[in-house]
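Heads up: the structure comes next, in structure tokens.
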Amino acid sequence: MFKTTRETVGLVAALVKRLKDMDDVEVAICPPFTALQAAAAAIGGSKIALGAQDLYWEEEGAYTGEVSAPMLLDVGCRYVIVGHSERRRHFGETDTTVSQKAKAALKHSLFPIVCVGELLAEREAGRTFQVLEKQVTGGLAGLTRGEGQRLVVAYEPVWAIGTGRTATPDQANEAQGFIRKLLAELFDQAVAHEVRILYGGSVKPENIRALMGQPEVDGALVGGASLDADSFAKIVTYRQ
């Protein structure tokens, strides 16, 4: 919950300029609902894609305050974040609602970025894999193989979000390798190989290279560092 419409347009314009020569990385930004339409206009014909931070699973109806997949498509969204840990923690998101939202996104040709991850207490209790298995199997329940091919999964250990703490590259790789194994069991090995699994949790220019050096880390779900065009651009272009 950052950036007014005017601030969003300024950030997007700066990113478009900074990333104009980008040709080997896919980038999406997910501003608040109020700024989506203005962000789409600011993106223009650039290679940056637009995403939303959440959606509701019904297409329309008496659901005051909610936003549907057709509404997101209407303003130019290609992606939508589903089941972010803050939605789970503050707003009662469950594996069941994550599944409903993922299905709604896929039905309307949006790519859902499905978030999973454990609490600090769960990691310290040795329950990381148990939590991930529950969230992945529950959140992706009922999806077909074709739908599985269009998923993006984000591993975001809750203890590393906004805390300045980051999972070590080895911890991220281990957890994401386990997620890929679960995807192979839910769908098949080919789908598991295709699905991009992102790491999210205090990603910064200073740690992106080490994280991306891991074989199971396909990209990053960037939080606070995405609010500054310079820091976000450095993350995107870390190989240059």
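Details
- Ordering of 90-98, 151-159 by burial proxy (mean other Cβ atoms within 10 Å per residue, highest first): 151-159, 90-98
- Furthest towards positive pole of dipole, V158, S202, V80, structure part the chain, Cβ charges: S202
- Taking a Cβ cut-off of under 10 Å around C115, the surrounding Lys, Arg, Asp and Glu residues balance to a net charge of -1, with basic ones at +1 and acidic ones at -1.
- The lysines whose alpha-carbon is closer than 27 Å to the alpha-carbon of K103, local same-chain residues fewer than 8 away aside, are K47, K134, K181.
- The chain, helix-only ellipticity at 222 nm - DSSP H runs n ≥ 4, -39,500 (n - 2.57), divided by all residues, nearest 500: -12500 deg cm²/dmol
- Here K17 is the anchor, and the aspartates and glutamates within straight C-alpha reach of less than 17 Å, apart from those fewer than 8 places off in the same chain, are E7, E26, D228, D230.
- Relative intensity, log₁₀ I(q)/I(0), of region 42-173 from a Debye sum that treats every alpha carbon as a point, q = 0.19 Å⁻¹: -1.11
- Region 95-156: trypsin sites (Lys or Arg not before Pro) in DSSP loop, at most 15 other beta carbons within 10 Å: R127
- In Å, descending, principal axis extents of the Cα set of region 36-94: 37, 26, 14
- For region 1-80, the list of trypsin sites (Lys or Arg not before Pro) that fall in a loop by DSSP and count at most 12 other C-beta atoms within 10 angstrom reads K20.
- Rg/Rg_globular for region 132-240, with Rg_globular taken as 2.2 N^0.38 Å and Rg from C-alpha atoms: 1.09
- Look at where the Cα atoms of region 159-210 and of region 47-120 average out, and the two centres are 20 Å apart.
- Structure remark: mean-square fluctuation, Gaussian network model of the chain, C-alpha springs under 10 Å; the largest value among V67, V25, V131 belongs to V25.
- Extent along principal axes [Cα atoms of the chain; Å; largest to smallest]: 46, 44, 34
- Computed over the chain, relative contact order equals 15 percent, with contacts defined as Cα pairs under 8 Å that lie 6+ residues apart.
Every read-out reported here was derived from the displayed coordinates using simple, explicitly stated rules and does not represent laboratory data. Given the structure is predicted, the values throughout are model-derived calculations rather than measurements. Note: ideal-geometry Cβ built from the backbone for every residue, glycine included; neighbour counts use all protein chains shown.
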